[in-house]
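What follows is a short report on a single structure.
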Amino acid sequence: MVKAVSFFKRKPGMSVEAFQAYWRTAHPAVVVKLPGVRRYVQSHTLPSGYRKREPVYDGIAEVWFDDTRAMRALAETSEYAAVRADEAQFIDHATMGLLITEEHVIKDGPVPRDGVKNVEFVTHKPGMPIDAFQRYWREVHGPLAALIPVVRRYVQSHTRRSAYELAARAPLYDGVALTWFDDTQAMRLSAATAEYARVRADEANFITADPPFIITKEHVIVAGR
């Protein structure tokens, strides 16, 4: 199973409310027609994320497929053309990025019904080989983060190794860290724990400082996998 993670900003001049409404209620009609989609989740940046400044992204979309061959088969289909055409109704394509990833479930807890989802875009430490970065993130850092008591679920989505071998330039991000909490208050409480302090200290061993992030509300559009 592979997962496509796309991230983007809304079309210029479009309100956050209109963007979120269109994305959630209108756009799924074309996405669910794509052949081979196994699961489809939207994560919308919380309204509170706009109070002080524009967030780095207005949300992410996650779409699961059996393999990369199933993804490549979409390129020439009318269904994919319809998705791309509809994106222009609410997405600024100039801001849009895509990562093809493999998931690693670090803490396999349930997603809270009314919880929040932190989405952090991770870039490896300069000079660190990608294989070493991925291994450290998964096997050393992941277990540390899983110990934070208020984290309900924790998933790492690693950019696939082929992205570094075939692309003309390196991917924008080396992966996405996804953590679920009961609410934003629980997130704030986590920052006061000794476990969180250890996690923050360990980040310097494998990622660049201050990775961009958004705090979101998850909407499962296609639940099956």
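The values are calculated or read from the model by the stated rules, or taken from the named source; none is laboratory data. Just so you know, these numbers come straight off a predicted model, no measurement behind them. Glycine gets a Cβ as well: all are built from the backbone with ideal geometry, and neighbour counts include every protein chain shown. For accessibility, only protein heavy atoms count, side chains too; no ligands or nucleic acids. Shrake-Rupley method; radii C 1.70, N 1.55, O 1.52, S 1.80 Å.
Over the heavy atoms of THR123, what accessible area does a 1.4 Å probe trace out, to the nearest 10 Å²?
Rounded to the nearest 10, the figure is 40 Å².
How many lysine pairs are close in the chain, with Cα atoms under 30 Å apart and the two 8 or more places apart or on different chains?
Here the count comes out as 27.
With 21 Å as the cut-off, how large is the P(r) tail for segment 1-124, expressed as percent of Cα-Cα pairs?
43 percent
Once the Cβ-Cβ distance between GLU165 and SER6 is put in as r, and R0 is 22 Å, what FRET efficiency do you end up with, to the nearest 0.05?
E(calc), rounded to 0.05, equals 0.55.
So how far apart, in nm, are the two label points at ALA132 and THR95 if each is 7 Å from Cα heading toward Cβ?
Between ALA132 and THR95, the simple spin-label model gives 3.6 nm.
Compute the long axis of helix 78-87 from its Cα atoms, compare it with the longest principal axis of the Cα atoms of the chain, and write down the angle in degrees, 0 to 90, nearest 10.
70 degrees
Can you give the Rg to Rh ratio of segment 138-225, both from alpha-carbon atoms, with Rh computed by the Kirkwood formula?
Values: Rg = 15.0 Å, Rh = 15.0 Å.
Value, to two decimals: 1.00.
On the protein heavy atoms, probe 1.4 angstrom, tell me the percent of accessible surface of segment 113-225 carried by carbon and sulfur. It would help to have the intermediate numbers written out before the result.
Numbers: 3120 of 5770 Å².
Ligands and nucleic acids excluded, carbon and sulfur give 54 percent.
So how long is each side of the chain along the principal axes, counting just the alpha-carbon atoms, biggest first, in Å?
Rounded to whole Å, the extents work out to 50, 40, 32 Å.
Using a ≥ b ≥ c from the Cα gyration tensor of segment 45-113 (square roots of the eigenvalues), is it rounded, prolate or oblate, where a/c under 1.5 gives rounded and otherwise the larger of a/b and b/c decides, a/b for prolate?
It is oblate, given that a/c is not under 1.5 and a/b is not larger than b/c.
Per residue, how many Å² of accessible area does the chain show with a 1.4 Å probe?
Dividing the accessible area of the chain by its residue count gives 51 Å².
Mean shadow of segment 1-55, computed from the convex hull of its alpha carbons, in nm²?
Averaged projected area of segment 1-55's Cα convex hull equals 4.6 nm².
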